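The structure under discussion appears below in the form of structure tokens.
Just so it is clear, none of the values below were taken in a lab; they were calculated from the coordinates. Note that the structure is predicted; figures quoted are calculated from it, not measured. Please note: Cβ atoms are built from the backbone with ideal geometry, for glycine as well, and neighbour counts cover all protein chains shown.
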Amino acid sequence: MTVADNATPALLREKPTWLISQVSSHAHRLLTERLATAGARGYHFRLLAALEEYGPASQASLGRRTGLDRSDVAAAVNELTSQELTERVTDQTDRRRNIITITAKGRAHLRRLNALLASAQEELLAPLSPGERQMLVGILTRVLDYHAGSRTRELSRAGRPGLGSDHAQ
């Protein structure tokens, strides 16, 4: 096999969508490997981070804030609660709803996961300078925010509930 056999076609290498997909694959692998060392998954980090930043929340609100399906939130909260990383109590104003709170043990676990993710970020972005990393985050944030706004506008025009004002929280 020659070097040319392994070369990626130029038409692919010039496509941001292809590049983002390839980098995403590497990022996912690194994140999954790091989190597994702590017996965690990406959605655990997402839920704990949302609870730490925004405080106690309903499962539905957590789903909107983290982009997780309601049934996935319920299963993940069950896992986190069984490990005493979160607490679940019935909402006194609406007994059909549960309110989830991060525990002190959950905060400590979140700090550990955050350190593991920082190590994955470091490995993924090793070829970039600190300035380039900031620039990349800024550019990706703009693209993501643009498309999140487009999706909100589409749902509003269609008269469908979903990504409303809670999404931006």
* If each residue's Cβ is checked for other Cβ atoms within 10 Å, how do Leu19, Leu11 rank with the fewest at the top? -> Leu11, Leu19
* Structure fact -> Longest principal axis of the chain (C-alpha) makes with the long axis of helix 42-54 (C-alpha) an angle, in degrees to the nearest 10, of 60 degrees
* Cα-Cα P(r), segment 1-158, percent of pairs per 5 Å interval -> 1, 8, 12, 16, 17, 15, 12, 9, 5, 3, 1, 1, 0, 0
* More than 17 Å apart: what percent of Cα pairs in segment 38-124 qualify? -> 44 percent
* Structure fact -> The extension gain from Arg29 to Val137, computed as 0.36 nm times the residue separation minus the Cα-Cα distance, is 37.0 nm
* Cleavage-rule hits, trypsin sites (Lys or Arg not before Pro), segment 1-97, DSSP coil, Cβ neighbours within 10 Å at most 10 -> Arg95, Arg96
* Asked: What percent do you get for the relative contact order of the chain when only Cα pairs under 8 Å and 6+ apart count?
  -> 21 percent
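Restricting to DSSP H runs of at least four residues, report the calculated mean residue ellipticity at 222 nm for the chain, -39500 (n - 2.57) per run over all residues, nearest 500 deg cm²/dmol. Please list the in-between numbers first.
Details: 8 runs with 112 residues, N = 169.
Computed ellipticity for the chain at 222 nm equals -21500 deg cm²/dmol.
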* Asked: Helix 104-124: angle to the longest alpha-carbon principal axis of the chain, degrees 0 to 90, nearest 10?
  -> 10 degrees
* Structure fact -> Between the Cα axis of helix 130-157 and the main Cα principal axis of the chain, the angle (0 to 90°, nearest 10) is 60 degrees
